[in-house]
Amino acid sequence: MRAVHDRLVISRLVHRFSFGPKPGQYEYLVREGVTTARNRLLRTPAHDAGLASVVDPGLVDLGPFPPSKSTARAIFQQALSQQFSAMTLWWLDRMVLADYPLIERMTWFWHGHWATSISKVVYPLPMKVQNETMRLYGLGSFAGLARAMVVDGALIYWLDGQLNVAQAPNENLGREFMELFTLGVGNYSEDDVKAVAAAFTGYRVTTSNGLVTFQPSVHDYSPLAILGATAPFVAPSLSDYVVSLDANAAFVAQRLWFRFVSTTTSVPTTLVKGFANRDVRSLVEAIARHPAMKDPRHAQAKSPVEWFVSACRALQITPSNLPSTVTVANYLSLMGQVPFAPPSVGGWPYDEAWLTAASFQYRLAFATYLVKNGDLSPVVNASNDVNRSLANWLGVAKWSPRTTQAFSEAQGDPARLALLALCAPEYVVNA
Amino acid sequence: MGDVSRRRFLQYSGASALAAMTTNLTMQDVARAASASPLPLGTPILVVVTLYGGNDGLNTVVPYADPIYSSSRPGISLSDAQVIPLARGLALNSSMTGFKSLWDQNRLAIVLGASYPQPNHSHFTSMAIWQTASPNKQISSGWIGRWLDGQPRDPMRAIGMGSVLTPLLAGEHRVASMLPLGGLVVPTGTLATQTQQLAMVSPTDSVLAADASASIGDFYQVAATVQPVLKSQAPNAPNALAQQLDVVANLIAANVPTRVWSVTLGGFDTHADELRAQSQLVGSVSDAVTNFLTKMDATARARDVVVLVYSEFGRRVQANASLGTDHGTSGPVFIAGHRVAGGFYGEQPSLSQLVSGDLAVTSDFRDVYASMLQDVLGTDATQIMPGWTTKLNLITP
């Protein structure tokens, strides 16, 4: 029985704290057992050969928009979209190629948490700067991350913070800071929203590079009454104060629990207590060690990007090397999830939202494209126990009889077997 | 044909029948082939239009005659030349000529000041409240989803346009199908039979794995019904909402057995530079809905269709310093169609008696939903919204 549990727990660890196994990895981790597997997956060594092989896109500051209808404008638009494509592939490559993907997984989590979209920011460079900030602080102190994010150019611009002045505040950033980033609904009043908006006044963004400057003449220096404290605040001191509140530990722990374990249950209070120091790494490790990881109720659907990245890892595909990177962008867009472009500041949907009839059509078509361009040797060289080989290849704990029946109908056709496995409910949903 | 016999139909016809349906069909053939159980004429159909971001109600149905309106909104109030007067000192944004024509035909109802007690200013909380119809208790099922729960299992019963499920359409036991906008590519041959094998129920499935499996079955069933229609008409519409409503119109005309459609449009979160952007957005809503109803007029379904348009909140009366508006409270809800008794319902909230700087709530959106459930979908609204016993009478029998 232990072996069955081990397969489930390790499947969850490798799909949720990483982006799915590379060929052979799951089998190896199962052989080593849960403790060793967990330790391996939680490591983020300074040198990661996979990550080191991904070349930084080196985005340059494109400066202001040239006048409309000029030739320069057309060239400029092209440069913007080239930068966006390069940046997106750079990040997808990192997720796929990392030997120790936890830090990319955390960056992906924080991207959904501080959900900022290129749709309004327009310039890729500030989005890239934000992405690096989330990577830098991704497993560090949440206080440090929050302090960096409240002066992040892309976030400020996305939520109209650059328009927020003492003389007439714009509440957008202040409200979302408490509701979605630090405290959660119900832990602040409408007066707090107005006061936090005042604390966030005076920050100006250079849109092309995300550089943030503080302009004292439009900052509100009056003492502000916010959640029990009255003081003059600026963005970093406000952030520190809000993050120090107990509600912040509970909220952030719940958000991590939601994405790593279960969208339907509450984070255990022991984990919240352990997060008193706001150290994200200890919280993530505590979640990975929690007995809930073997609770059969806690299945989770893979989002389209998670599904795509895990498929690439299994098929040894480097996204930027695919013959048509436009095809990749199109499928991700059709499936509803393009990195750097969340639908709203609330971040990505979850679970059932990804499991629609329409998403099946796109998943099947996308998988067909990936299988055609991927390395099928783990399927070609499968042992006599094809079901077992496919499960080990993709890090699936166990196939259902329904799915093994489908495999048996595709016997002797590795491409078809791979396609069915990638679209099987047991792969699309991490048990 | 009932639910079970339809499944048998699919089982026996298989992929070859899917392929056969795509060839050289007239619209009449499509209507017959499109559905194993076409929706009987005269069956009411509800089309729900969700506007994401919080549409500025005051720049949609404009209290232009009230001087407080323009004085509160320097730079973003509509001038008298930018509005189309209706009655009671209220006017439509001048971009909404389509809605004006519906109004003149007595086919447009405008419910004024709609929200719920103690409106929430969060997009996500407020949209969740509108979509679940549950202001007091946080629940996960949408109001259309709960209606689906009481219907026989049929992936055609309610359909949303797009690929990601709208919470509105998720019930406790059933979900609506999502229909891809770009048309359908349906597998054939062994790929069809093998992927349909993945749609078989397995007792070992978790709830989510069962959902993933069911979505495959739903895809094949929906595809069998709608593919001929989608194939025969390429989308040709000016914007996202119009494209979605175009597909809906074609499918309704082909008698697909769908009672509820869901379409969406985003971009209404106008914290900055809102005047032109918001006018364009409400103009596109007005155009898309009006064109949709005009298309329906050319079919036998004209009297069957009712369109409901809502957003999660209105916006603050006072402009902010960015030529935009922050999150507010109540706003207008539109209901359009032949069976709609046109006119205003409820009172326009006062601009001088604000509640913490926001418009008062003068209508409860659940009265609108009750009317849709009772008078369009023929369902006891208290089953879907327990304890809610009032409704507006805006649908004529």
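The values are calculated or read from the model by the stated rules, or taken from the named source; none is laboratory data. Everything numeric in this text was worked out from a predicted model, so none of it was measured. Ideal geometry is used to build each Cβ from the backbone, glycine not excepted, and the neighbour counts take in all protein chains shown.
What the table below lists for this structure:
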item	result
Lone unmet requirement of (1) within 17 Å of B:S95 (Cβ to Cβ); (2) in contact with a strand residue (DSSP E or B) (Cβ under 9 Å, 6 or more places away or on another chain) for B:V260	(1)
Index of the failed condition, A:N187 passing every other in (1) away from every other protein chain (no Cβ under 13 Å); (2) in contact (Cβ under 8 Å) with a residue 60 or more places away in the chain	(1)
Looking only at the stretch A:246-277, and only at residues there that are of a type in the set (A, V, I, L, M, F, W, C) and in a loop (DSSP other than H, G, I, E, B), the one that is nearest to A:L183 (Cα to Cα)	A:V267
All strands (runs of 3 or more DSSP E) inside the stretch B:294-397 with 3 or more residues being crowded, with 20+ Cβ neighbours inside 10 Å	B:305-311, B:331-336
Looking only at the stretch A:211-253, and only at residues there that are among the hydroxyl-bearing types (S, T, Y) and closer than 28 Å to A:R281 by Cα, the one that is surrounded by the most Cβ atoms within 10 Å (Cβ to Cβ)	A:S239
Meets criteria (of a type in the set (A, V, I, L, M) and surrounded by fewer than 24 Cβ atoms within 10 Å (Cβ to Cβ)) for B:A288	no
Sole residue being over 26 Å from B:G145 (Cβ atoms) and either in contact with a Lys or Arg (Cβ under 7 Å, 6 or more places away or on another chain) or basic (K, R) (or both), chosen from B:D287, B:D297, B:D358, B:D367	B:D358
Subset of the stretch A:118-162 [touching a residue at least 40 places away in the same chain (Cβ under 8 Å) and either in contact with a Cys (Cβ under 7 Å, 6 or more places away or on another chain) or of a type in the set (G, A, S) (or both)]	A:S119, A:G138, A:G140, A:S141, A:A143, A:A146, A:G153, A:A154, A:G161
Where B:P74 falls short, out of the listed (1) surrounded by 14 or more Cβ atoms within 10 Å (Cβ to Cβ); (2) in contact (Cβ under 8 Å) with a residue 24 or more places away in the chain	(1)
Given (1) more than 20 Å from the chain's Cα centre (by Cα); (2) within 21 Å of A:L41 (Cβ to Cβ), index of the condition A:A311 fails	(1)
Answer residue from the stretch B:114-167, given it is of a type in the set (A, V, I, L, M, F, W, C) and part of a strand (DSSP E or B) and is modelled with the lowest pLDDT among those	B:M161
Candidate set: the stretch B:244-287, residues that are under 22 Å from B:H123 (Cβ atoms) and touching a Pro at 6+ places or on another chain (Cβ under 8 Å); chosen: the one farthest from the other protein chains (Cβ to nearest Cβ)	B:S284
Search result, residues across the stretch A:319-343 that are in a loop (DSSP other than H, G, I, E, B), crowded, with 18+ Cβ neighbours inside 10 Å and within 11 Å of chain B (Cβ to nearest Cβ)	A:G336, A:Q337
Checklist (1) of a type outside the set (V, I, T); (2) within 26 Å of A:W90 (Cβ to Cβ); (3) within 14 Å of another protein chain (Cβ to nearest Cβ) applied to A:E176, failing item	(2)
Residues that are among the hydrophobic types (A, V, I, L, M, F, W, C), within 15 Å of the chain's Cα centre (by Cα) and farther than 19 Å from B:V207 by Cα, drawn from the stretch B:150-167	B:A158, B:I159, B:M161
Subset of the stretch A:152-177 (residues that are hydrophobic (A, V, I, L, M, F, W, C), under 23 Å from B:S126 (Cβ atoms) and in a loop (DSSP other than H, G, I, E, B))	A:L159
First in the stretch A:396-410 and touching a residue at least 60 places away in the same chain (Cβ under 8 Å), second anywhere and among the hydrophobic types (A, V, I, L, M, F, W, C), Cβ under 7 Å, 6 or more apart	A:A397/A:L8; A:A397/A:A431; A:K398/A:A391
3 or more residues modelled with pLDDT of 95 or more: qualifying helices (runs of 4 or more DSSP H) within the stretch A:92-146	A:102-113, A:124-137
Residue tally, condition surrounded by fewer than 21 Cβ atoms within 10 Å (Cβ to Cβ), touching a residue at least 40 places away in the same chain (Cβ under 8 Å) and in a loop (DSSP other than H, G, I, E, B), over the stretch A:18-53	7
Condition met for B:S122 (under 24 Å from A:A301 (Cα atoms) and either within 12 Å of another protein chain (Cβ to nearest Cβ) or of a type in the set (G, A, S) (or both))	no
A:F200 vs. criteria within 14 Å of another protein chain (Cβ to nearest Cβ) and farther than 19 Å from A:R255 by Cβ	yes
Of residues in the stretch B:171-186 being surrounded by fewer than 22 Cβ atoms within 10 Å (Cβ to Cβ) and facing chain A (nearest Cβ under 7 Å), the one farthest from B:S37 (Cα to Cα)	B:G182
Where a residue in the stretch B:93-118 is more than 20 Å from B:T396 (Cα to Cα) and its partner, wherever it lies, is buried (at least 23 other Cβ atoms within 10 Å of the Cβ) and basic (K, R), with Cβ under 9 Å and at least six apart	B:Y116/B:R366
Residue that is farthest from the other protein chains (Cβ to nearest Cβ), among those in the stretch A:153-173 that are of a type in the set (A, V, I, L, M) and under 20 Å from A:S217 (Cβ atoms)	A:I156
